[in-house]
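Just below is one structure, and these are the notes that go with it.
Just so you know, all these numbers are worked out from the coordinates, no wet-lab data involved. The model shown is predicted, which means the values in this text are computed figures rather than measured ones. Because the Cβ atoms are built from the backbone with ideal geometry, glycine has one as well, and the counts that use them run over all protein chains shown.
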Amino acid sequence: MGNWTRRRFLKAAGAAGVVAASAGVTGGYTLWRTVKGELPPEGSPYVENWGEATADLREAPILLVWNDRGTPPTGAYLAEILRAEGLNAFRTISLEALREELLERFPLVLLSAGSLDTTSAEVLRGYVARGGSLIALRPPSHLTDLFGVEPLPGQTTDGYIRILPEHPAGRGFPSEALQFHGSADHYRLAGAEAIARLATKTGDLPFPAVTVHQMGAGKAALWAFDLAQSVALTRQGNPAHTDQERDGLHGLRAHELFEGWIDLERLEIPQADEQIRLLSQLIAWMLADRLPLPRLWYFPAGAPGMLVATGDAHNTPPDAVEEALRRVEQRSGWFSVYYAPLPRNPAQRAWHRLRNWLERSAAHVVQPEHVQAWRERGHEFGIHPYVEEGLEAGWRRYWEVFTGMGYGPVPPTVRTHRVLWSGWVETARVQAKYGIRMNLDYYLIGPLFRKPDGEWAFGYFTGSGLPMRFVDEQGRLLAIYQQPTHLVDEQLIGWTWEGAPRFPPAKAVEISRALIERAAKGAWGAIGLQAHIDPFAIGGEAAAAQAAWLEGVLDAAVAYGLPIWSAQHWLQFVEARMGAVFQAVQWDPTARQLRFRVIPAASLAFQWEIGMPLEFQSLRLTRVEADGQPISYRERPLRGISYGWIALPIRSAVITGFYA
């Protein structure tokens with residue numbers, strides 16, 4: 001590629017699209033109406049109703065009790081974890097609403113971290129003694145006997161856990177020790193069984209990390225650390241690094257929150273995802289004597305993963321955009337273009353639009369007609385704002401320019417130019433305020449991902465391949481999903497920053513293919529792709545290398561069964577799945593039937609998969625009906641539990657599983 005710096009790359013990319021010296025054209029009939037543009041609408045950035053009110057409780061097997069005495073309270077994020085795992089069969093109450101008669105309606109209670117008063121503690125003791133199942137995250141020391149452990153002095157901070165395969169709840173997980181963040185209390189087993197142990201990178205410590213204990217007629221499980229807080233810190237980075245330059249690249253970016261925070265030797269493992277899968281497997285195992293717990297699969301139509309296909313474009317002409325879209329369409333995919341037009345004022349936009357309309361010189365300029373046609377073909381054409389002048393100022397300016405070019409409405413997903421990031425989640429907060437609902441700024445780039453031996457690390461630097469909404473410093477959910485970008489052309493082919501790896505396209509494809517294969521074979525992730533449009537405008541060696549790499553990545557996704565979707569289509573699926581509710585989950589021991597209704601947040605033409613355990617007690621799933629009609633299912637394990645999965649359009653349905 002030669003010595004392509006970021007400055008030269010973007011300068012060349014811009015030059016390729018300035019034949020008309022403009023970033024957008026419309027016909028004269030819309031000229032004066034649209035050149036001024038719009039300002040972004042503003043609303044609350046927070047998820048206001050992340051749980052259900054006590055009065056609205058309906059039949060479900062899991063009750064999430066959120067404790068507002070945590071620092072910060074993590075109940076809302078714990079609900080997000082359950083949804084990410086497809087365990088949408090839960091209801092929520094606050095700790096203040098905890099009552100003995102309410103608990104009796106639920107076979108399992110999940111308690112978020114925080115202090116407990118004596119009254120609440122005794123209510124939970126009685127619940128377990130009478131046969132209930134309780135999982136508590138970092139419970140207070142005066143409850144440790146309930147969990148069959150004895151407290152010891154000391155804590156482990158920002159350490160590792162190793163999941164024990166010999167325990168039924170720990171089967172099927174990676175053998176490597178997994179990082180956690182936060183503080184884990186030290187215990188000695190006093191009747192409990194260990195499911196996971198605290199560890200170092202190379203060996204176990206003599207303290208349990210996750211335990212379960214038979215107490216009276218029930219069971220009580222304990223996490224030595226606050227899993228919800230740990231997952232948030234693993235995914236969103238170290239708050240102590242907020243607004244600090246840590247990688248030597250000009251500009252503050254989200255990945256700088258991970259300097260010294262993530263073990264580069266573990267980057268191939270989605271460590272946060274594996275730990276929330278441990279929670280979901282523990283829940284299913286603890287309910288195994290009460291009912292078979294249904295769940296949703298992560299991806300559409302039972303796919304083993306996703307390729308979220310996107311590319312930034314900087315004033316590039318329409319034929320360059322078509323070069324990327326054509327390759328994606330050849331593989332039955334959709335693509336997101338994040339477009340940065342030249343930030344002209346209304347008068348300049350009007351003049352250039354009028355000139356281009358008169359001269360019919362639109363071949364070199366993206367017009368609203370192009371955008372409309374691309375969207376009709378299923379692609380996303382979204383905003384790519386520059387925020388160097390300030391986060392909110394940049395957003396307002398580029399929203400006004402984007403809509404003033406006639407490119408509106410602004411779609412709900414985004415990647416910021418240069419992936420600049422403010423605060424711990426301030427960028428996400430501002431985007432959510434403007435109605436953006438998925439962010440792709442967590443982006444694997446830069447020298448932070450080079451190991452001491454010189455090898456480059458690729459993989460899950462946020463510990464995740466699953467989209468989840470951001471959580472702020474006070475434990476409040478933001479109404480915007482974090483979708484990491486794992487495969488970045490800048491890091492793999494090395495055009496835009498000095499010192500980038502500059503792998504040949506064949507090697508870059510090999511690295512990318514390996515990550516896609518891991519996602520398909522048990523990591524189960526949505527892999528974010530960044531394939532800039534600009535090289536297709538530059539032409540020559542830049543275009544040839546980009547085409548070879550992009551085609552290799554797309555072909556790998558096809559080979560391993562990963563759908564190739566735009567971020568906007570992916571967001572639609574994610575919102576329908578994460579917002580789904582399981583209602584009236586009932587086990588009939590006489591008829592040996594599991595029956596429930598599943599209601600998505602929105603009905604979509606896409607398919608999703610609903611799973612039921614293949615085995616329950618001494619029974620096995622033999623038949624499934626959807627709305628009274630027989631439907632086939634396929635068998636597939638999720639870690640240590642085998643499920644029967646049915647594929648349905650995303651709509652409300654009553655599901656019945658028959659066991660014999």
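Some points to look at:
- Rounded to the nearest 20 debye, dipole of the chain from Cβ charges on Lys, Arg, Asp, Glu: 1140
- Scaled radius of gyration (Cα, divided by 2.2 N^0.38 Å) that region 504-571 gives: 1.16
- Fully extended contour minus Cα-Cα distance, from Ala301 to Asp588, at 0.36 nm per residue: 100.5 nm
- Label-point separation, Thr202 to Ile599 (7 Å along Cα→Cβ), nm: 5.6
- Sites Asp117 and Asp453, calculated FRET efficiency, Cβ-Cβ separation with R0 60 Å, nearest 0.05: 0.70
- Taking label positions 7 Å along the Cα-Cβ direction at both Glu426 and Glu42, the computed distance is 1.6 nm, reported to one decimal.
- The residue among Thr496, Pro40, His569 whose Cα reaches farthest toward the positive pole of the charge dipole of the chain, with charges on the beta-carbon of Lys, Arg, Asp and Glu, is His569.
- Within the chain, antiparallel bridges make up roughly 60 percent of the DSSP beta bridges whose residues both belong there.
- When the GluC sites (Glu not before Pro) in region 134-193 are filtered for DSSP coil states and for at most 10 other beta-carbon atoms within 10 Å of their beta-carbon, the remaining sites are Glu166.
- Sparsely packed loop sites in region 137-207 (the trypsin sites (Lys or Arg not before Pro) outside DSSP H, G, I, E and B with at most 12 other Cβ atoms within 10 Å) comprise Lys201.
- Once Rg and the Kirkwood radius are both taken over the C-alpha atoms of region 407-527, their ratio Rg/Rh works out to 1.00.
- Ascending count of other beta-carbon atoms within 10 Å, so fewest first, for His417, His250, His486: His250, His417, His486
- Charges were assigned to the Cβ only: +1 to each Lys and Arg, -1 to each Asp and Glu. The resulting dipole of region 62-292 about its Cα centre is roughly 580 debye.
- Placing +1 on the Cβ of every Lys and Arg and -1 on the Cβ of every Asp and Glu, with no other charges, gives region 129-196 a dipole of roughly 160 debye about its Cα centre.
- The ellipsoid equivalent to the alpha-carbon distribution of region 548-595 has semi-axes of 39, 16, 4 angstrom, derived from the gyration tensor eigenvalues as √(5λ) and listed largest first.
- Think of region 225-296 as a dipole: +1 on every Lys or Arg Cβ, -1 on every Asp or Glu Cβ, centred on the Cα centre; then among His241, His255, Gln271, Gln271 lies furthest on the positive end.
- Percent of C-alpha pairs per 5 Å bin in region 62-292, short distances first: 1, 7, 15, 18, 21, 16, 11, 6, 3, 2, 1, 0, 0.
- Dipole of the chain, positive direction: furthest Cα of Trp524, Gln629, Pro139, with charges on the beta-carbon: Gln629
- Cα→Cβ-extended label distance, 7 Å offset, between Ala543 and Arg331, nm: 2.0
- Computed over the alpha-carbon pairs of region 256-316, the distance histogram in 5 Å steps reads 4, 11, 12, 16, 16, 15, 12, 8, 3, 2, 1, 1, 0 percent, short to long.
- Backbone N under 17 Å from the Ala559 label point (7 Å along Cα→Cβ), restricted to region 292-317: 304-307
- For Trp497, the residues whose amide H sits under 5 Å from its own are Arg6, ignoring neighbours fewer than 5 places away on the same chain, with H placed 1.01 Å from N.
- Using θ = phi - 60° and Karplus 6.51 cos²θ - 1.76 cosθ + 1.60, couplings along region 467-474 (whole Hz; Gly, Pro as x): x, 9, 6, 5, 10, 8, 5, 9
- Centroid-to-centroid, using Cα positions, region 400-447 and region 563-587 are 22 Å apart.
- log₁₀ of I(q)/I(0) at q = 0.16 Å⁻¹ - region 31-186, Debye sum with one point per alpha carbon: -1.05
- When the C-alpha to C-alpha distance is required to be over 29 Å, the pairs from Lys451/Lys521; Lys433/Lys521; Lys433/Lys507; Lys451/Lys507 that qualify are Lys433/Lys521; Lys433/Lys507.
- In units of the rule-of-thumb radius 2.2 N^0.38 Å, region 197-351 shows an alpha carbon radius of gyration of 1.58.
- 3J(HN,Hα) from dihedral phi, region 516-522, Karplus parametrisation 6.51/-1.76/1.60, rounded to Hz, x for glycine, proline: 5, 4, 4, 4, 6, 10, x
- All Cα pairs of region 580-659, percent lying beyond 21 Å: 25
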